[in-house]
Amino acid sequence: MTAEITPLIAGNWKMNGTSVALAEVRNLAARLAEGGPPRCTIVICPPATLLERLSEFAAPAGIVTGGQDCHPALSGAHTGDISAQMLADAGAQYTIVGHSERRTNHRETDELVRLKALAAMAANLIPIICVGETEADRDAGRAESVVASQLAGSIPDEWAGQGIVIAYEPVWAIGTGRTPTAADIEQMHNAIRRDLVTRFGDRGAATRILYGGSMKPSNAAEILRIENVNGGLVGGASLLANDFHAIISAV
């Protein structure tokens, strides 16, 4: 982990959670209050139906919220979509864009992800831009080139003052319980850092790069010790207060 960069632990609830799930966040807030201030930024990205309610009571506990996606347009005839400004109005400070499940299930392109990131920044949200290779890409030896291409196409040249976050998520490790080796993670995160520095200089050197792919209490400490891993994008483990708190405590 890069010492001068404040780590970020983000929970992506995906399409999980109704009102009863808010009790887990209250439990997490109570756990956080028992100890000293966390040494990381804590973000929870719930379903949009819970975003405003969660934002209201999470903020006093030092937990910020985010959306799981946003539409690139400000408004319009886009039934079922949510704009970045709507997320901000509901209390969000971040939003995920380009998650592998949207790239796969909704056939989102790098260009669409770039436009969503621009929309997020225009609404004063920090976009968490996701990149990652499939198992076929890795087996074919093109993992780094695939991720480099996604970075090039998904990150806007125009950065707002709040910057961006990058989340590396090997697609084959999401929700499978499988994780790359520490050496694999380090190699990819170092490659991402080089690309960011080459393109953006000091801004690239200061950008947080999260690891996302079956991070859980049993492996969080090991992963978070790896060079250029500046936090995690956590899926299933973020739904349970005890598991998510354990990962936060591993920072």
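The residues on offer are Asp184, Asp157, and the sole one that is more than 23 Å from Ala136 (Cα to Cα) and either of a type in the set (D, E, K, R) or assigned to a loop (DSSP other than H, G, I, E, B) (or both) is Asp157. Close Cβ contacts (under 6 Å, 6 or more residues apart or on different chains) running from residues in segment 235-249 that are at negative phi and among the charged types (D, E, K, R) to residues that are modelled with pLDDT of 95 or more and part of a helix (DSSP H, G or I) comprise Asp243/Ala237. I'd like to know if segment 192-209 contains one or more residues that are within 20 Å of Val234 (Cα to Cα), of a type outside the set (Asp, Glu) and touching a helix residue (DSSP H, G or I) at 6+ places or on another chain (Cβ under 6 Å). The answer is yes, given that some residue of segment 192-209 is within 20 Å of Val234 (Cα to Cα), of a type outside the set (Asp, Glu) and touching a helix residue (DSSP H, G or I) at 6+ places or on another chain (Cβ under 6 Å). With respect to Arg103, is the statement that it is on the phi < 0 side of the Ramachandran plot, touching a helix residue (DSSP H, G or I) at 6+ places or on another chain (Cβ under 7 Å) and modelled with pLDDT of 95 or more true? For Arg103, the condition - on the phi < 0 side of the Ramachandran plot, touching a helix residue (DSSP H, G or I) at 6+ places or on another chain (Cβ under 7 Å) and modelled with pLDDT of 95 or more - is not met.
When you look at Ala61, is it at pLDDT below 95 and under 20 Å from Leu239 (Cβ atoms), yes or no? Yes; evaluated as a whole, the condition is true for this residue. Under the condition of being free of Cβ contacts under 8 Å to residues at least 24 places away in the same chain and within 18 Å of the chain's Cα centre (by Cα), the residues counted in segment 106-123 number 1.
Among the residues of this structure, Arg194 does not count as one that is surrounded by fewer than 16 Cβ atoms within 10 Å (Cβ to Cβ), closer than 27 Å to Glu24 by Cβ, among the charged types (D, E, K, R) and over 15 Å from the mean Cα position of the chain (by Cα). Mind checking whether some residue in segment 137-144 is more than 17 Å from Arg102 (Cβ to Cβ), charged (D, E, K, R) and in a loop (DSSP other than H, G, I, E, B)? Scanning segment 137-144 turns up at least one residue that is more than 17 Å from Arg102 (Cβ to Cβ), charged (D, E, K, R) and in a loop (DSSP other than H, G, I, E, B). Within segment 210-227, no residue that is modelled with pLDDT of 95 or more and surrounded by 16 or more Cβ atoms within 10 Å (Cβ to Cβ) sits with its Cβ atom under 7 Å from a residue that is assigned to a helix (DSSP H, G or I) and among the aromatic types (Phe, Trp, Tyr) at 6+ positions apart or across chains. Cβ separations smaller than 7 Å between residues 6+ apart or across chains give the following pairs from segment 184-206 residues that are free of Cβ contacts under 8 Å to residues at least 40 places away in the same chain to residues that are of a type in the set (D, E, K, R): Asn190/Glu227. Restricting attention to segment 1-29, and to residues there that are in a helix (DSSP H, G or I) and without any contact (Cβ under 8 Å) to a residue 12 or more places away in the chain, which single residue is surrounded by the most Cβ atoms within 10 Å (Cβ to Cβ)? Result: Ala23. Residues in segment 240-251 that are more than 15 Å from the chain's Cα centre (by Cα) and either acidic (Asp, Glu) or in a helix (DSSP H, G or I) (or both): Ala241, Asn242, Asp243, His245, Ala246, Ser249.
Checked against the criterion of being modelled with pLDDT of 95 or more, part of a helix (DSSP H, G or I) and either among the basic types (Lys, Arg) or in contact with a Lys or Arg (Cβ under 7 Å, 6 or more places away or on another chain) (or both), segment 116-129 contains one or more residues that satisfy it. The numbered conditions (1) over 16 Å from the mean Cα position of the chain (by Cα); (2) on the phi < 0 side of the Ramachandran plot are all true for Pro46 except (1).
Scanning segment 70-90 for residues that are surrounded by fewer than 23 Cβ atoms within 10 Å (Cβ to Cβ), assigned to a loop (DSSP other than H, G, I, E, B) and within 17 Å of the chain's Cα centre (by Cα) yields nothing.
The values are calculated or read from the model by the stated rules, or taken from the named source; none is laboratory data. Worth saying up front: this structure is predicted, and the values here are computed from it rather than measured. No Cβ is skipped: glycine too gets one built from the backbone with ideal geometry, and neighbour counts run over all protein chains shown.
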